[in-house]
């Protein structure tokens, strides 16, 4: 007896999350993956939260000064309309987006779009940051990157804030933050 299977040739989307501490190379890895997408002649668009203007208004820029053009957005739901007819969507600094970002990424993946997300998994106090826990739970692929602890040289997965400002979001670079391993992070908190 012959059983006919209805195998669809339509594209299937998925969600990739790149996470880690500050200075671990998250944005660098996102840019690397997106440049490969461009080489493959796939249609791609990159987003970042409009509050992230540390290096450039419309580019995502790594600490190594590699850059790629992006579209700043106020709310994650705006991504759905702007990403129509794309093969790949890149999202940087995901921790700064609203709590609708995981649903937006789900919807994009269900439309057959590859979604590549980079963001801090923990804030300066070592707590889960923004929508990142939900994104990690929905991810098909997760890459956790590590920096090097400035105190002892071990692998670092914490972002230590060098000021007493208790606000969760304080934009800064090496002037305000440094990577720390677990031991060195908790010795100073």
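General observations
- When the residues of segment 72-93 are filtered to those that are in contact (Cβ under 8 Å) with a residue 40 or more places away in the chain and touching a strand residue (DSSP E or B) at 6+ places or on another chain (Cβ under 6 Å), the one that is surrounded by the fewest Cβ atoms within 10 Å (Cβ to Cβ) is 86.
- Among the criteria (1) in contact with a strand residue (DSSP E or B) (Cβ under 7 Å, 6 or more places away or on another chain); (2) modelled with pLDDT of 95 or more; (3) over 15 Å from residue 15 (Cβ atoms), the one residue 98 does not fulfil is (1).
- Residue selected from segment 63-75 under the condition modelled with pLDDT under 90 and part of a loop (DSSP other than H, G, I, E, B), by the criterion nearest to residue 120 (Cα to Cα): 63
- Residues of segment 76-91 classified as in a loop (DSSP other than H, G, I, E, B) and at pLDDT 95 or above, total: 5
- Of all residues in segment 112-142, those that are outside any helix (DSSP H, G or I) and surrounded by fewer than 16 Cβ atoms within 10 Å (Cβ to Cβ) total 7.
- Checked against the criterion of being in a loop (DSSP other than H, G, I, E, B), closer than 25 Å to residue 130 by Cα and at pLDDT below 95, segment 6-19 contains not a single residue that satisfies it.
- Among the residues listed as 45, 60, the single one being touching a helix residue (DSSP H, G or I) at 6+ places or on another chain (Cβ under 8 Å), modelled with pLDDT of 90 or more and either surrounded by fewer than 19 Cβ atoms within 10 Å (Cβ to Cβ) or not in a helix (DSSP H, G or I) (or both): 45
- Test for residue 96: is it in contact (Cβ under 8 Å) with a residue 60 or more places away in the chain and under 30 Å from residue 188 (Cβ atoms): yes
The values are calculated or read from the model by the stated rules, or taken from the named source; none is laboratory data. Everything numeric in this text was worked out from a predicted model, so none of it was measured. Neighbour counts are summed over all protein chains in view; Cβ atoms, including those assigned to glycine, are modelled from backbone coordinates with ideal geometry.
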